[in-house]
Amino acid sequence: MMVEAKHGFVSKSEHWGGLGRMSYVGLREITSAEEGHLGGNIREGDPFTYSPRAWDYVLDRFAIRSILDLGSGLGYSSQYFFQKGRQVIAVDGLVENCAAAVYPTLKHDLNSGPVFCSVDLVHCQEVVEHIEEQYLDHVLASLACGKFVLVTHAMPGQGGHHHVNLKPPEYWRSNMARFECEVMEEDTKRLRKLAQADGASYLASTGLLFANKRR
């Protein structure tokens with residue numbers, strides 16, 4: 001059974017971490033009573049992950065043609081990429097999200113294993129912190145499906161639904177390096193500025209853009 005947050009706001013609104021005050025009033029968080037480690041996305045789409053300026057920068061700069069949207073929720077970002085003329089694979093672990101998504105979505109729980117495909121870009125916002133560290137290599141192998149990887153992560157002390165792997169950026173940099181993915185520093189700076197202009201607080205604060213040296 002899918003459960004929505006009550007009273008017109010979600011628990012995220014009470015936890016800021018280093019992101020500053022962010023209001024989720026009027027929005028509904030989706031969680032699952034049966035699969036508590038899944039969900040946590042916003043039914044109406046999360047305004048703080050929506051960043052067309054940053055997305056367009058990546059699409060144009062790196063001639064992106066294909067995208068894996070990992071942890072795609074209800075598919076709003078996937079639909080954006082598709083409307084930009086890109087081939088998109090949307091993947092989410094919660095069956096209710098897949099059934100209600102605005103873009104066709106494959107169900108896959110990263111606890112059970114990685115996703116295997118080959119794409120130009122993996123887009124993964126506000127997902128990695130929801131997955132227990134014992135499944136870290138499932139996450140990393142899935143991210144490494146892309147020539148480029150755009151990912152955010154939650155910082156230590158940042159509250160949220162099933163936030164179980166809260167680590168500083170150095171943790172993600174070093175672990176991605178095991179899969180030969182290296183942060184592009186200048187592009188990451190530019191992306192964060194563009195995301196800030198969009199009000200996309202997560203991407204502006206912790207967004208990292210990696211180049212996959214294996215690809």
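Every number in this text was worked out from the coordinates using simple rules, so none of it is lab data. In this text, all values refer to a predicted model and were calculated from it rather than measured experimentally. No Cβ is skipped: glycine too gets one built from the backbone with ideal geometry, and neighbour counts run over all protein chains shown.
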key: Listed peptides 124-136, 175-187, 142-154 by packing density, highest first (mean Cβ within 10 Å)   = 142-154, 124-136, 175-187
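Of the beta bridges DSSP finds with both residues in region 45-212, what % are antiparallel, to the nearest 5?
On the way: 7 of 23 bridges.
In region 45-212, approximately 30 percent of DSSP beta bridges are antiparallel ones.
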Whole-Hz ³J(HN,Hα) from phi, Karplus 6.51 cos²θ - 1.76 cosθ + 1.60, for region 79-87, glycine and proline x = 5, 4, 4, 5, 5, 8, x, 9, 7
request  = Using only Cα atoms, locate the centre of region 39-53 and the centre of region 159-215, then give the distance between them in Å, rounded to an integer.
outcome  = 17 Å
message = I want the local charge near Ile67. Using Cβ-Cβ distances under 12 Å, sum +1 for each Lys or Arg and -1 for each Asp or Glu among the other residues.
response = +2
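Taking only pairs that are 8 or more places apart or on different chains, how many Lys pairs in the chain have Cα atoms under 21 angstrom apart? Don't skip to the answer; put the middle values down first.
Working: Lys12/Lys167; Lys84/Lys147; Lys147/Lys189; Lys147/Lys213; Lys167/Lys189; Lys189/Lys213.
Number of lysine pairs found: 6.
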note = Sorted by chain and then number, the residues having a modelled amide H within less than 5 Å of the amide H of His162, at least 5 places away or on another chain, are none
request  = Averaged over every viewing direction, what's the projected area of the C-alpha convex hull for region 45-212? Give it in nm², one decimal, please.
outcome  = 8.5 nm²
remark   = Taking every other residue with Cβ under 13 Å from the Cβ of Gly207 and scoring Lys and Arg +1, Asp and Glu -1, one gets +2
request  = Give me the distance in nm between label points sitting 7 Å out from Cα along the Cα-to-Cβ direction at Ala99 and Arg215, one decimal.
outcome  = 3.2 nm
task = Give the long-range amide H neighbours of Cys181: residues separated by 5 or more places, or on another chain, with amide H under 5 Å away, using H modelled in the peptide plane at 1.01 Å from N.
result = Lys213
message = Only four residue types carry charge here, +1 at the Cβ of Lys and Arg and -1 at the Cβ of Asp and Glu. Report the dipole size of region 45-212 about the Cα centre in Debye, rounded to the nearest 20.
response = 460 debye
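Divide by every residue of the chain the summed helix terms, -39500 (n - 2.57) for each DSSP H run of at least 4, and state the resulting mean residue ellipticity at 222 nm, rounded to the nearest 500 deg cm²/dmol. If you can, show how the numbers build up before the last one.
Values: 7 runs with 61 residues, N = 215.
Mean residue ellipticity, 222 nm, calculated: -8000 deg cm²/dmol.
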Integer Hz, Karplus 6.51/-1.76/1.60 couplings in order for region 153-162, x for Gly and Pro = 8, 8, 8, x, x, 7, x, x, 5, 6
